[in-house]
Every structure is written in C-alpha cells, then in structure tokens.
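The numbers here are math on the coordinates, done by the rules we state, and not lab data. Here the structure is a predicted model, which is why all the values come from computation and not from measurement. Here the Cβ is made from the backbone with ideal geometry for all residues, glycine too, and neighbour counts use every protein chain on show.
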Amino acid sequence: MLVSEATLLMWPVVAGSWAASSSLPLQVSDVATMLMIGALAWPRDRRLAGLAYLLAVPSSLLALAFPAPGAIPPSPLYYAFWVDHASLLAAATVIAAGPPVLNIGWVRVAWAWLVTAALAAVDGAVNLLTGGDYMFLRRPPAGWSPLRIMGPWPAYVFVALLVCPLVFAAVSLPVWNRAGARPQAGRT
C-alpha cells in the first residue's frame, strides 16, 4: 500500500507532469490510504482505525467499481491505481477483523462525515486556486458514476454530502456497535 501510494504521488514528479490541479493527495482515497497506513502501524488506536475504515471502504469500492485511473497501461500510474485501491479495501478488511475489535457507531460515523466535509472544503478551495477537480467537486468523472444520478452540478455535491453518513453507516454494518473483547467476571 505504501509503495503504490508513493508511486501515485511521485510518478508525476518523475514524469515531469506534476501539477497542483491534479497531483496533490487530496482525494478521499488518498487520505484514507494515509490513515490506513497509520492504523496498521498503530493497531491499538481504534479511533484512527475507525476513521480509516470509514473512509477506505466506500472510496475504494467506488474507485474499483467505477475506475478513473487517469492513465493507461503501461504507465505505472495505471497499475498503482488498481493496487492502491484494492490494497486499501484489503487493509480495511484486516482492520475490521481485528484484534483489537473495531467498534463503529453513530459517533464515529458523524466524525467521518465531518472529516469528509472538511476535506471537501479544503479541496474546494484548492480547486478554485488551481482549476483542479479534487473530489469531483467541479464536474463529475468522465465515465459513469453514482454522482450522475444525484443531479447536475452543483446539486450532486450537496446530495453526496447528505448521503455520505448513510453510506458510512451501511459499510459499518459488519462492525456496528460490536462489544470489545472484555473479560467477564469469573472467567479466565
């Protein structure tokens, strides 16, 4: 995961195509990957693991189902796109399986929604400054995407923001309000 993310970040520099409008790690999956690397490095931090899980699962599922790699083979970016998103989903599965037990409820869903909204605000400002389209805030992706059924721009941005907590809750069902591994009295 670390190698694929580094490839995605460094390849534009190496290829001489780096641009602030498209090369910054400001997509949800970029942030999810960085959080997931931290969650795997510090497995006891369940808050970090919960946030990483909530951002990783929907962003990687969407990227894998509706790919927009921005490159074609034999570009390393093409392969890094697939490896990055697949490994992000695999890491989220590992985090969910524990130990320690991952327990997600409404507080973590609300926190992930606030982080996503804050990222959208940052991305919106960067988009205005650079002409970029981070988080597809300026226009939907070229191919088919769920954003296309959420209305025209800018309506789909607000609909996505409203749907976001429901998506987080849905992907959390496997780990929703699970009890931690607490020893019961009288048991060894």
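Helix 46-65 and the longest principal axis of the C-alpha atoms of the chain enclose an angle of approximately 40°. All C-alpha pair distances within the chain, sorted into 5 Å bins from zero, spread as 1, 8, 15, 19, 20, 16, 10, 5, 2, 1, 1, 1, 0, 0 percent across the bins.
Under 10 Å from the Cβ of R108, count the other residues' Cβ atoms, weight Lys and Arg +1, Asp and Glu -1, and hand me the total. Intermediate values should be presented prior to the final figure.
On the way: positive: R46, R47; negative: none.
Once positives and negatives cancel, what remains is +2.
Label reach from A65 (point 7 Å along Cα→C-beta): in the stretch 129-153, amide nitrogens under 17 Å belong to 141-151.
Each of Y78 and R44 was given a label point 7 Å from its Cα along the Cα-to-Cβ line. The distance between the two points is 4.5 nm. A Gaussian network model of the chain, with springs between Cα atoms under 10 Å, assigns the largest mean-square fluctuation among P154, P43, P165 to P154.
Excluding A49 itself, calculate the net charge of residues whose Cβ lies under 14 Å from the Cβ of A49, where each Lys or Arg counts +1 and each Asp or Glu counts -1. List each step's numbers first, then the result.
On the way: positive: R44, R46, R47, R108, R178; negative: D45.
Once positives and negatives cancel, what remains is +4.
Relative contact order of the chain, taken over Cα pairs closer than 8 Å and 6 or more residues apart, is 26 percent.
Just from its helices, what would the mean residue ellipticity at 222 nm be for the chain, if runs of 4 or more DSSP H residues each count -39500 (n - 2.57) and the sum is divided by every residue, rounded to the nearest 500 deg cm²/dmol? If you can, show how the numbers build up before the last one.
Values: 6 runs with 112 residues, N = 188.
After summing the helix terms and dividing by the residues of the chain, the value is -20500 deg cm²/dmol.
Here's the picture: charge each Lys and Arg Cβ at +1 and each Asp and Glu Cβ at -1 in the stretch 76-188, and of L147, C164, W176 the one pushed furthest to the positive end of that dipole is W176. Stretching the chain fully between L128 and V163 yields a gain of 10.2 nm (0.36 nm per residue, less the alpha carbon separation). Sorted fewest first by neighbouring Cβ atoms within 10 angstrom, D123, D45, D84 come out as D45, D123, D84. Which residue, L51, L161, L89, tops the fluctuation ranking in a GNM of the chain built on C-alpha contacts under 10 Å? Top of the fluctuation ranking is L161.
Would you give the gap between the C-alpha center of the stretch 105-184 and the C-alpha center of the stretch 1-48, rounded to a whole Å? About 17 Å separates the Cα centre of the stretch 105-184 from the one of the stretch 1-48.
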